[in-house]
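All remarks here apply to the structure that follows.
The values are calculated or read from the model by the stated rules, or taken from the named source; none is laboratory data. This structure is a prediction, so every number in the text was calculated from the model and none was measured. Using ideal geometry, Cβ is built from the backbone for each residue, glycine included, and neighbour counts are taken over all protein chains shown. Just so you know, the surface numbers come from the protein's heavy atoms only, side chains and all, with ligands and any DNA or RNA stripped out. Shrake-Rupley method; radii C 1.70, N 1.55, O 1.52, S 1.80 Å.
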Amino acid sequence: GLIASKIVSVKGSSVFFDGGAVTYSNRAKTTFLGVAEDVIEKHGAVSRQTAREMAKGLLARTGVSIAVSVTGIAGPGGGTKDKPVGTVFIGIATKSEVSVKKFKFFSGRKAIQERAAAAASLAQRAAGSGPAGGPAVARSVAAGAAGRLRFYRGWLPAARGVPGSGLEPRCGGS
């Protein structure tokens with residue numbers, strides 16, 4: 001919801017943004033995005049595999065050119081030793097590739113969500129810009145989940161050289 005709110009606050013965003021799906025529960029992820037229950041059971045709702053399936057499912061169900069998925073633990077509770085508060089995954093799916101990144105943020109819930117919303121918007125723009133760079137006017141959908149994260153230049157091949165995508169990360173990424 002926050003991601004979509006940030007995107008539609010920009011005048012003319014209807015040219016490149018179709019909508020969003022907030023799939024907070026596991027049931028919503030399986031029902032609306034087609035994430036297999038066994039993926040969630042084996043890897044968890046907050047995982048690289050779930051973020052990948054969310055992005056792929058959204059792309060397949062909507063017919064857009066770019067789908068963004070975000071899943072994570074914004075806190076203050078819900079973290080574990082293996083997945084502490086601040087663990088987030090963001091997925092980008094296009095017709096030709098799917099990419100997922102894992103991050104760890106060290107901040108409060110609101111800050112994690114704000115950074116992630118901005119990051120997801122930048123990731124979508126960078127993915128839509130193509131290898132040569134330039135403005136992104138791809139039709140897209142953002143799927144949000146419990147947590148959010150921050151995008152940085154070089155994540156997707158399409159982001160390299162895109163003006164404005166060279167933000168320094170304020171967290172670790174892999």
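For region 60-108, give me every one of the strands (runs of 3 or more DSSP E) that falls completely inside it and has 3 or more residues that are open to solvent by less than 10 Å² (accessible area, probe 1.4 Å) and within 19 Å of Asn26 (Cβ to Cβ). Outline the logic, then answer.
On the way: elements: 66-72, 87-93, 98-104.
It comes to 66-72, 87-93.
Only one of these conditions is not met by Phe105: (1) closer than 15 Å to Ile3 by Cα; (2) of a type in the set (A, V, I, L, M, F, W, C); (3) in contact (Cβ under 8 Å) with a residue 12 or more places away in the chain. Which number is it?
Of the numbered conditions (1) closer than 15 Å to Ile3 by Cα; (2) of a type in the set (A, V, I, L, M, F, W, C); (3) in contact (Cβ under 8 Å) with a residue 12 or more places away in the chain, the odd one out for Phe105 is (1).
Check region 29-44 and report whether any residue there is in a loop (DSSP other than H, G, I, E, B) and under 23 Å from Glu114 (Cα atoms).
In the first step, residues of region 29-44 are kept if they are in a loop (DSSP other than H, G, I, E, B); the result is 34-36, 44.
Filter once more, keeping what is under 23 Å from Glu114 (Cα atoms): none.
Scanning region 29-44, I find no residue that is in a loop (DSSP other than H, G, I, E, B) and under 23 Å from Glu114 (Cα atoms), so the answer is no.
Filter region 20-33 for residues that are open to solvent by 30 Å² or more (accessible area, probe 1.4 Å) and in contact with a strand residue (DSSP E or B) (Cβ under 7 Å, 6 or more places away or on another chain); which is modelled with the lowest pLDDT?
Residues of region 20-33 open to solvent by 30 Å² or more (accessible area, probe 1.4 Å): 20, 22, 24-27, 30-32.
Those still in the list that are in contact with a strand residue (DSSP E or B) (Cβ under 7 Å, 6 or more places away or on another chain) too: 20, 22, 32.
Numbers: Gly20: 85, Val22: 92, Phe32: 95.
Within region 20-33, the match that is modelled with the lowest pLDDT is Gly20.
Could you check, for region 8-19, whether at least one of its residues is among the polar types (S, T, N, Q) and open to solvent by less than 50 Å² (accessible area, probe 1.4 Å)?
Among the residues of region 8-19, at least one is among the polar types (S, T, N, Q) and open to solvent by less than 50 Å² (accessible area, probe 1.4 Å), which makes the answer yes.
All but one of (1) open to solvent by less than 10 Å² (accessible area, probe 1.4 Å); (2) part of a helix (DSSP H, G or I); (3) in contact with a Phe, Trp or Tyr (Cβ under 9 Å, 6 or more places away or on another chain); (4) under 21 Å from Gly19 (Cα atoms) hold for Ala55, so report the exception by its number.
Ala55 satisfies all of (1) open to solvent by less than 10 Å² (accessible area, probe 1.4 Å); (2) part of a helix (DSSP H, G or I); (3) in contact with a Phe, Trp or Tyr (Cβ under 9 Å, 6 or more places away or on another chain); (4) under 21 Å from Gly19 (Cα atoms) except (3).
How many of the residues making up region 20-43 are in contact (Cβ under 8 Å) with a residue 12 or more places away in the chain and touching a helix residue (DSSP H, G or I) at 6+ places or on another chain (Cβ under 7 Å)? Break it down into steps so the answer makes sense when it comes.
Residues of region 20-43 in contact (Cβ under 8 Å) with a residue 12 or more places away in the chain: 20-24, 26, 29, 32-36, 39-40.
Right, trim to touching a helix residue (DSSP H, G or I) at 6+ places or on another chain (Cβ under 7 Å) and you get 20-21, 23, 26, 29, 33-36, 39-40.
So the answer is 11.
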